[in-house]
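Trainee: So that we are looking at the same thing, I have put the structure below in structure tokens.
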Amino acid sequence: RGPGRTRAVLPGQIGVRDAPGTLRQSIIVPTYNERDNVVALLERLAAALPHTETEIVFVDDSTDGTPEVIAEVARDYPMAVTVHHRDEGAGGLGGAVVEGMRIARGEWVVVMDADLQHPPEIVPGLIAAGLRDGADLVVGSRYAGGGSTGGLADGYRKLVSRGSTILVKTLFRHQLLSVSDPMSGLFAIRASSLDAGQLRPLGYKILLELIVRNRPGRIVEVPYTFQPRHAGESKSTVSEGLRFLKHVGRLRLGSGRARMLGFGLIGLSGLLPNQAMLWALVSLAGLHYAPAAIAANVVAVLWNFALTDQILYRNRRERRLPARFGRFFLLGNADLLLRIPLLAVLVDGLHTGVLAGNLLTLVASFLLRFLIAEKLIYVG
Ligand code: GDD
Ligand code: MN
């Protein structure tokens, strides 16, 4: 099956044409009322890229007939084209790109705007740079040496662009060390480094989301000059800017320092079931404090695991549930090896109360357990 064959129309898709077996690149183009741009875009992409190794994936929220214009061109177009039209209205640029990533089949997934502000001729250069430098992610940058914000219409937009770049470079310093243009909407990522399932973008900025959540290994940049919009109007708004700030806040909360706080709070909350269980077993059931402390610990570990796994590490689980649970359970109870002898010293030797002694041993083991979870259960 070569290009030129038209595949049956799928729900939500029109103008679908099959791509051949292996694809070097998928070009994802989000479109929201871009009917006056897509023809020129397709022409320039066809001139710039090998026809048999490329597919173009439009993810469209338009109400101006953009999909029909694309379908018209796609009939005689030399490359595979998919239009994934969504009926729910403007679903957001970031979400549209993620949907395209789910459909894309190329070894490289390239994202670019439809309005020709990103010159299509740069795509081969993005992928060549990725291959040459062994990179997982190649960012088209207006701020790298040789790049320019040329087409940013006015001083206000330049200011917003510069300001938001500085903001995210500060908040995500480590992740963005090699990225001068984190607000860029032009980039190429190796499909093998892409995990669309982890991405929950809010609004416009998909690249930052991708870097923070997918954590691609090596990132390089290719400079380019941002062009003036070919036709139509920009869809970015002030409320889009506010949504961006919310997005940044949410991404930031998923990071290390906030996690440590969450871990502490969950650990603290585990004191409650632990002490309550111990009290019930010793005072009500008349059990010896040692087996009672063990049982109370098991209950608290279950409690902690449920909260840690479902809330704190919800978006960054690298192992399957049984593996996560097994490790958490073993390590969570392993501190009994330390805590029970310590408890014996406290209760039998120093004559503290059982509950007070238990509390002391819990506090002592808390820091140790955070380090273990961070280093052994969730990371790497
Ligand atoms: N499917 C879909 N849904 N596409 C959308 C939506 C949406 O809700 N909103 C915007 N788009 C598409 C547009 O049709 C266009 O192809 C692309 O996303 C960029 O939208 P513009 O309206 O042209 O945005 P911009 O020029 O302000 O912003 C661009 O420049 C920034 C750099 O300053 C975007 O590329 C940003 O990603 C980029 O960072
Ligand atoms: Mn634009």
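Only the coordinates and a few stated rules stand behind these numbers; no lab work does. What you are looking at is a predicted structure, and each value in this text was computed from that prediction instead of being measured. FYI the Cβ positions are ideal-geometry reconstructions off the backbone, even for glycines, and counts take in every protein chain you see.
Trainee: If the requirement is being touching a residue at least 60 places away in the same chain (Cβ under 8 Å) and under 43 Å from the mean Cα position of the chain (by Cα), which of these qualifies: Leu330, Leu321, Leu307, Leu359?
Mentor: Matching residue, one of Leu330, Leu321, Leu307, Leu359: Leu359.
Trainee: Of the residues Arg132, Arg157, which is surrounded by fewer than 20 Cβ atoms within 10 Å (Cβ to Cβ), within 16 Å of ligand 2 (Cβ to nearest atom) and without any contact (Cβ under 8 Å) to a residue 12 or more places away in the chain?
Mentor: Step by step, each of Arg132, Arg157 is checked, and only Arg157 is surrounded by fewer than 20 Cβ atoms within 10 Å (Cβ to Cβ), within 16 Å of ligand 2 (Cβ to nearest atom) and without any contact (Cβ under 8 Å) to a residue 12 or more places away in the chain.
Trainee: Suppose we filter Leu272, Leu253 for residues that are over 18 Å from the mean Cα position of the chain (by Cα) and away from ligand 1 (no atom under 16 Å from the Cβ); which single one remains?
Mentor: Leu272
Trainee: Related question: Taking the stretch 216-236, which residues are within 8 Å of ligand 1 (Cβ to nearest atom) and either in contact with a Leu (Cβ under 9 Å, 6 or more places away or on another chain) or among the charged types (D, E, K, R) (or both)?
Mentor: Phe226, Arg229, Glu233, Lys235, Ser236
Trainee: Related question: I'd like the full set of residues that are surrounded by 13 or more Cβ atoms within 10 Å (Cβ to Cβ) and more than 16 Å from ligand 1 (Cβ to nearest atom), limited to the stretch 135-154.
Mentor: Ala135, Asp136
Trainee: Go through the stretch 180-231 and report how many residues are over 16 Å from the mean Cα position of the chain (by Cα), polar (S, T, N, Q) and more than 16 Å from ligand 2 (Cβ to nearest atom).
Mentor: 1
Trainee: Shifting gears a bit: Looking only at residues in the stretch 160-179 that are of a type in the set (Ser, Thr, Tyr) and within 16 Å of ligand 2 (Cβ to nearest atom), which one is farthest from the chain's Cα centre (by Cα)?
Mentor: Here the residue is Ser161.
Trainee: Give the number of residues within the stretch 85-102 that are under 17 Å from the mean Cα position of the chain (by Cα) and away from ligand 2 (no atom under 16 Å from the Cβ).
Mentor: 6
Trainee: Something else now. Please specify each residue of the stretch 65-88 satisfying the condition of being within 15 Å of ligand 1 (Cβ to nearest atom) and either more than 16 Å from Arg35 (Cα to Cα) or touching a residue at least 60 places away in the same chain (Cβ under 8 Å) (or both).
Mentor: Those that are within 15 Å of ligand 1 (Cβ to nearest atom) and either more than 16 Å from Arg35 (Cα to Cα) or touching a residue at least 60 places away in the same chain (Cβ under 8 Å) (or both): Thr82, Val83, His84, His85, Arg86, Asp87, Glu88.
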